[in-house]
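S.K.: Shown below is the structure under consideration.
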Amino acid sequence: MQLTSFTDYGLRALIYLASLGKGKMTSITEVTEVYGVSRNHMVKIINQLSHLGYIKATRGKNGGITLGQPAESIRIGDVVRALEPLTLVNCSGEFCHITPACRLKGVLHQAIQQFLQELDQYTLADMVKDNSPLYQLLLD
C-alpha cells in the first residue's frame, strides 16, 4: 500500500510543526521549503489539516501555522483516515463483473483495518520525542 503524496506531506507537515515545540508558529512557506514541495500543494494540505483541527492557522501580520492539538493526542491512524481515500480497488459493479462473488474486497478491507490499527498505536509525539537526528534535519 502506498499513501498519496497529499497524506505523505500532510504527515510531514505535522511532524515539522510538532518538532518546533508547543505553541511555536511557522509559515506555509517554511514548511514548503523544508520539504521541497510546491507551495500550492502544501496550501491545500494545510487548509485540509486546519479544517480537520490538526493545525491552527492564523492570518495576518503575526500569523502563521501551529499544531491545533497537542502532539500527544494526534494519532497517526486518525490522520491517515482523514486524508487518505483508503480504497485499494474499484469494486463497483460497473467496473468489475465479479463483485457480487468476490472475496478479495473483504480481504483487502481487513488488511486496511489492520494497517490502521497499527498506525493507531502511535501519536505525532512519538514521531518527534527525543529524536535529535530529526531536529537536526528539520531545524538546522
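S.K.: Can you tell me which lysines have their Cα less than 28 Å from the Cα of Lys61? Leave out same-chain residues fewer than eight positions away.
M.R.: By straight Cα distance, Lys61 reaches Lys22, Lys24, Lys44.
S.K.: Before I look further, what does the chain give for accessible area per residue, probe 1.4 Å, in whole square angstrom?
M.R.: 63
S.K.: Subtracting the Cα-Cα distance from 0.36 nm times the residue separation, let me have the gained length for Cys102 to Ser38 in nm, one decimal.
M.R.: Stretched fully, the Cys102-Ser38 segment lengthens by 19.0 nm.
S.K.: I would also like to ask the following. What spacing in nm lies between the two simple spin-label points modelled at Phe95 and Leu119, each 7 Å away from Cα in the Cβ direction?
M.R.: 1.9
S.K.: Within 11 Å, Cβ to Cβ, of Gly64, how many net charges do the neighbouring residues add up to if Lys/Arg are +1 and Asp/Glu are -1?
M.R.: Local net charge: +3.
S.K.: Quick one: grab Rg to one decimal and Dmax as a whole number for the chain, Cα atoms only, in Å.
M.R.: When restricted to the Cα atoms of the chain, Rg and Dmax are 17.6, 59 Å.
S.K.: So if R0 is 25 Å, what FRET efficiency would Gln48 and Tyr135 give, r being the distance between their Cβ atoms, rounded to the nearest 0.05?
M.R.: That gives a FRET efficiency of 0.45.
S.K.: Are there any helices in the chain, counted as whole DSSP H runs, that stretch 20 Å or more along their axis by Cα and score at least 0.0 on average by Kyte-Doolittle, and if so which?
M.R.: Counting only whole DSSP H runs, the qualifying helices are 5-20, 104-119.
S.K.: Separation between the Ala111 and Ser73 pseudo-spin-labels, each 7 Å from Cα along Cα→Cβ, expressed in nm?
M.R.: The modelled label-to-label distance comes out at 3.5 nm.
S.K.: With springs only between Cα atoms under 10 Å apart, run a GNM on the chain and tell me which of Gly53, Gly106, Gly68 wobbles the most.
M.R.: Top of the fluctuation ranking is Gly106.
S.K.: Let me ask you something else. With the dipole of the chain worked out from charges on the C-beta (+1 for Lys and Arg, -1 for Asp and Glu) around the Cα centre, which of Thr7, Leu86, Leu67 lies farthest toward the positive end?
M.R.: Leu67
S.K.: Give me the accessible area of Lys56, 1.4 Å probe, in Å² rounded to the nearest 10.
M.R.: Using a 1.4 Å probe on the heavy atoms, I get roughly 120 Å².
S.K.: Using helices alone, I'd like the mean residue ellipticity at 222 nm for the chain: each DSSP H run of four-plus residues gives -39500 (n - 2.57), total over residue count, nearest 500.
M.R.: -16000 deg cm²/dmol
S.K.: Please report, in whole Å, how far the alpha carbons of segment 68-120 spread along each principal axis, starting with the longest.
M.R.: Answer, in whole Å and largest first: 47, 19, 10 Å.
S.K.: Report in % the part of the accessible area of segment 26-140 that belongs to carbon and sulfur, leaving out ligands and nucleic acids; probe 1.4 Å.
M.R.: In segment 26-140, the share of accessible area belonging to carbon and sulfur is 52 percent.
The values are calculated or read from the model by the stated rules, or taken from the named source; none is laboratory data. What you see is a predicted model, and the numbers here were worked out from it, not measured in a lab. Please note: Cβ atoms are built from the backbone with ideal geometry, for glycine as well, and neighbour counts cover all protein chains shown. To get the accessible areas, we keep the full protein, side chains included, count just its heavy atoms, and leave off ligands, DNA and RNA. Shrake-Rupley method; radii C 1.70, N 1.55, O 1.52, S 1.80 Å.
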